[in-house]
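**Student:** This structure is in structure tokens; I'll ask about it shortly.
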Amino acid sequence: TNIFSIPLEINKTTDDGSSTAHYYFKIVNRDTAEEYTAHVTAKGTLCAGHQVHAADGRYYLTLPEGRYTLTELGLKKNGVYSIPERFAEPMPVDFEISADTYKQALESGHQSVIVNVENKCEGKIKVRKTEDGDSNPVAGATYGLFSDEQCLNLIYQFPQTDSNGEAVTADKYPCGEQYYVKEIEAPS
């Protein structure tokens with residue numbers, strides 16, 4: 001059997017459990033430079049002019065055999081794509097569509113070749129210092145962010161707390177990790 005187009009599904013997940021519906025992706029055929037824009041929904045992977053509605057009720061993107069790169073564009077709002085701020089910028093995913101990859105998918109019980117894409121949640125960390133026994137903010141304290149419980153491995157030194165008693169990391173850090181915060185310099 002000659003296979004001209006092979007069904008593909010993008011399996012989008014997030015590590016914070018948020019909805020993965022309506023994320024958009026750019027797919028580039030590295031052999032021909034042809035580009036496709038696809039998006040995922042609860043019903044499958046959609047791509048105008050390059051999709052099939054299968055007997056299992058799902059939509060699949062159909063692509064010719066080749067080597068591809070998938071880049072996440074994000075959610076689309078007012079014609080503009082953006083990755084939600086809580087996620088790290090996703091890395092492009094290289095994959096191949098061939099009779100062999102399709103055969104492997106069928107043998108493992110899938111109706112299509114599957115490309116997995118996961119967003120990792122990340123965020124800035126904010127500390128707030130208040131006076132003992134009440135909620136009055138304290139300015140001028142310096143905190144450290146540590147990777148170990150003994151607070152020996154400093155990974156970030158916060159700026160001094162501001163007039164609201166707050167300090168925020170300049171960089172984002174992966175969610176789901178264990179961090180420790182310790183005051184390393186008290187205000188006068």
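**Student:** Between Thr32 and Ser18, what length comes free when the chain is fully extended (0.36 nm per residue of separation minus the Cα-Cα distance, one decimal in nm)?
**Tutor:** 1.6 nm
**Student:** For Lys120, which lysines qualify as cross-link partners when the Cα separation must be under 16 Å and same-chain residues fewer than eight apart are set aside?
**Tutor:** Straight-line reach from Lys120, under 16 Å: Lys12, Lys172.
**Student:** For the range 115-174, which whole-number percentage of the solvent-accessible area (1.4 Å probe, protein heavy atoms only) is attributable to carbon and sulfur atoms?
**Tutor:** 43
**Student:** Between beta-carbons, use under 15 Å as the cut-off and find the net charge around Glu166, counting Lys and Arg +1, Asp and Glu -1.
**Tutor:** Neighbourhood net charge equals +1.
**Student:** Show me the ranking of peptides 154-161, 168-175, 38-45 by mean Cβ neighbours inside 10 Å, starting with the highest.
**Tutor:** Highest-to-lowest ranking by the protection proxy: 38-45, 154-161, 168-175.
**Student:** Step through the residues of the range 9-23 one at a time and calculate ³J(HN,Hα) from phi using the Karplus curve (6.51 cos²θ - 1.76 cosθ + 1.60, θ = phi - 60°), rounding each to whole Hz and writing x for Gly and Pro.
**Tutor:** 10, 8, 9, 9, 9, 10, 7, 9, x, 6, 4, 10, 6, 6, 7
**Student:** Let me ask you something else. Which whole-number percent gives the relative contact order of the chain, counting Cα pairs below 8 Å spaced six or more residues apart?
**Tutor:** Once normalised by length, the contact order is 19 percent.
**Student:** Tell me the GluC sites (Glu not before Pro) within the range 94-178 that lie in a loop according to DSSP and have at most 16 other beta-carbon atoms within 10 Å.
**Tutor:** Filter output for the range 94-178: Glu131, Glu149, Glu177.
**Student:** Zone of Asp94 (label point 7 Å along Cα→Cβ, backbone N under 17 Å): which residues in the range 110-143?
**Tutor:** Flagged as within label range: 115-116.
**Student:** For log10 I(q)/I(0) by the Debye sum over Cα atoms at q = 0.08, 0.13, 0.17 Å⁻¹, which listed value, [x] -0.28, -0.71, -1.15; [y] -0.43, -0.76, -1.03; [z] -0.36, -0.83, -1.13, comes from the coordinates shown?
**Tutor:** Given [x] -0.28, -0.71, -1.15; [y] -0.43, -0.76, -1.03; [z] -0.36, -0.83, -1.13, the structure-derived one carries the label [y].
**Student:** Can you tell me the mean projection area, over all orientations, of the convex hull of the range 101-159's alpha carbons? Units nm², please.
**Tutor:** So the mean shadow area of the Cα hull is 8.7 nm².
**Student:** Still on this structure, I have one more. Enumerate cysteines in the chain without a disulfide-compatible partner, where compatibility requires another Cys Cβ under 4.7 angstrom.
**Tutor:** If one checks each Cβ against the other cysteines of the chain, Cys47, Cys151 turn up with nothing under 4.7 Å.
**Student:** Counting Lys and Arg as +1 and Asp and Glu as -1, each charge on the Cβ, what is the dipole of the range 57-121 about the Cα centre in debye, to the nearest 20?
**Tutor:** Taking the Cα centre of the range 57-121 as origin, the dipole is about 320 debye.
**Student:** Of the accessible area of the range 1-93, with the probe set at 1.4 angstrom, what percent is carbon plus sulfur?
**Tutor:** Carbon-and-sulfur percentage of accessible area, whole number: 51.
**Student:** With every protein chain left in place, what is the accessible area per residue of the range 31-92 in square angstrom, probe 1.4 Å?
**Tutor:** Solvent-accessible surface per residue comes out at 59 Å².
The values are calculated or read from the model by the stated rules, or taken from the named source; none is laboratory data. Since we're looking at a predicted model, the values are computed, not measured. Positions of Cβ are backbone-derived with ideal geometry, glycine not excepted, and every protein chain shown enters the neighbour counts. Note: areas computed on protein heavy atoms with side chains; ligands, DNA, RNA excluded. Shrake-Rupley method; radii C 1.70, N 1.55, O 1.52, S 1.80 Å.
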